[in-house]
Amino acid sequence: MGHTAASPDAAHGHHDGEFAHPASIRMLLTVFFVLVGLTFLTVYQASFDLGGAEIWLSLIIATIKASLVILFFMHLLYDKPFNAILFISSLIFVTLFLGFTLLDAKAYRNQIEVRDTLEESMKPVPKQPDVEPTRIGATMM
Amino acid sequence: MSATETLEHSTDEQHDDHSHDHPDWLAHHFDDAEQQFDSGKLGMWLFLVTEVLFFSGMFCAYALLRSQSPETFAFASQFLNEKLGAINTGVLLFSSLTMAWAVRASQLSQHRTLTATLGMTLGCAAVFLGVKAVEYTHKWGLGLLPGHLYLSQGVPTNEDHEFGERALIWLCVLPAIMLVGFLAWWIQALIQKSTVQLRIAGPLLVAAIMYFAGVGLGRWIESDSSHAGHADHASSAGHATAHPAHASANEHGEDHDHHSSETSSSHEHEEKSFSIAPSVVTLPQANPEQVALPKFGSVPSQDVNQRGRAGLFFSIYYCMTGVHALHIIGGMVVISWLIIKAAKLQFHSQYFGPVDNVGLYWHLVDFIWIYLFPLLYLIT
């Protein structure tokens, strides 16, 4: 994964040094084909019924793909550490955001189920599915 | 390499009309090219942080809805075409490759490679949007609409395939106008022998054509999988009886699995009459109690096949993919800007920040799609 030599720049004297680090074509192609392979893997994996493990497996594969994109295509591996700190901190905050929201996502489950049962028992005739207000719809909207 | 030529070219010219030492591509308030590059890149990463947090709001909504009603997601996700999603993933990954390659080319002053890779990135973005247009309009025709607009699947009178077709034509109007415009520009540049204009109009023209290639590809796959995917759906949905006549009679028939019809013979009868005269058919309403409905988890499909549930899935689907598509369009605008700058040979080893930063943005759009694809399309 080394860098190829930067372009010759002898003729200009205004600026010190090279800061461009061109990625090697071999590295770019390797990352691309690994990404395509992982895409096939995740599609293939979806054809099995893995129950609860399915979402975690597909999220793990997606995270590997995302890391490859970030580290190599976006050059974060070779970038200034401060940029990496910025980006990783955003991911930490996303984790906090999702984690805390999901913590009490089911906190009102019991009340919803009690109300649903009441509604069911009061309903005289089953109505058409497409006009019927729904459990989720009624609570979320 | 031509880096030095370009540099001298640009610096010499600018020195004449600038009273101080800064070349044209270096802003006054920066000491040197590296400082300018690092500042720009820091700003771009900060912007990407806000983008990640912005999208996380929608991912949060997704996680909440899915945790509350996993069976809705399992049901509604069937209507998404896995193949088209996978193709679009591949297209975006390839565009990420060409974008990363463009950054390399700009650093090495490989102007021809730079224009070519930027053009390919733009073309891939256009293919992505073309496929997306087919996916969206196909769903609109089936009544797979967000929230309260959702029409329960399996009731033929609800469906208006013509609407989907008309919507697709509307989504092709602007690209068609752009195609004609770019073609005219390209021909004009050809007549005037303006190489700079040719280098700009060429990639733009190719991108406009690629949109229609994407539409064609999408339609081909979509019609293909409505035939083939149908059997899958029927079996997975619990309808053990195969409907060969059904599949051939109705191209757009993937929704009929969840039909609450009573017997398979009446089912087939309805299919046929529907495919002949969709507007005339009125279905005898099935009695839900007598029908063995396909189940999703412990919930019969009838329960999830309605506005508040599958409709909510499509709300979040259109919201997430729609905002993502807007980002693709935004990316196309800035890539076009890069193509203009690249055509004027403005990038070299001391000034490639715009290519690098647009590249970062483009990879982030790819990054988001990497999560969207399995979360929306691959739910079993």
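Rule-based calculations on the coordinates, nothing more; no lab input. Values in this document were obtained by computation on a predicted structure and should not be read as measured data. Note that each Cβ is placed from the backbone with ideal geometry, even for glycine, and that neighbours are counted across all protein chains shown.
Quick notes on this structure:
- Across peptide B:45-52, the average count of Cβ atoms from other chains found within 10 Å of a residue's Cβ is 5.
- Summing charges over all other residues whose Cβ lies under 15 Å from the Cβ of A:PHE72, with Lys and Arg as +1 and Asp and Glu as -1, gives 0.
- Summed over all non-identical Cα pairs, the Kirkwood treatment of the range B:125-201 gives a radius of 14.9 Å.
- Peptide A:67-78 - average C-beta neighbours from other chains (10 Å radius): 5
- Restricting the calculation to Cα atoms, the range B:86-178 shows an Rg/Rh of 1.20 when the hydrodynamic-style radius is the Kirkwood one.
- Per-selection Kirkwood Rh - the range B:313-380 (Cα, Å, 1 d.p.): 13.7
- Summarised in one figure, the compactness ratio Rg/Rh of the range A:25-91, Cα atoms and Kirkwood Rh, is 1.08.
- Over the range B:33-72, equivalent-ellipsoid semi-axes from the Cα gyration tensor in Å: 38, 6, 4
- A crude spin-label estimate for the pair B:LEU53 and A:ASP104, with each label 7 Å from Cα along the Cβ direction, gives 2.2 nm.
- Taking the C-alpha atoms of the range B:50-89, convex hull volume expressed per residue in Å³: 71
- Cross-link table A:LYS65/A:LYS106; B:LYS41/B:LYS83; B:LYS41/B:LYS344; B:LYS132/B:LYS344, entries beyond 28 Å C-alpha to C-alpha: A:LYS65/A:LYS106; B:LYS41/B:LYS83; B:LYS132/B:LYS344
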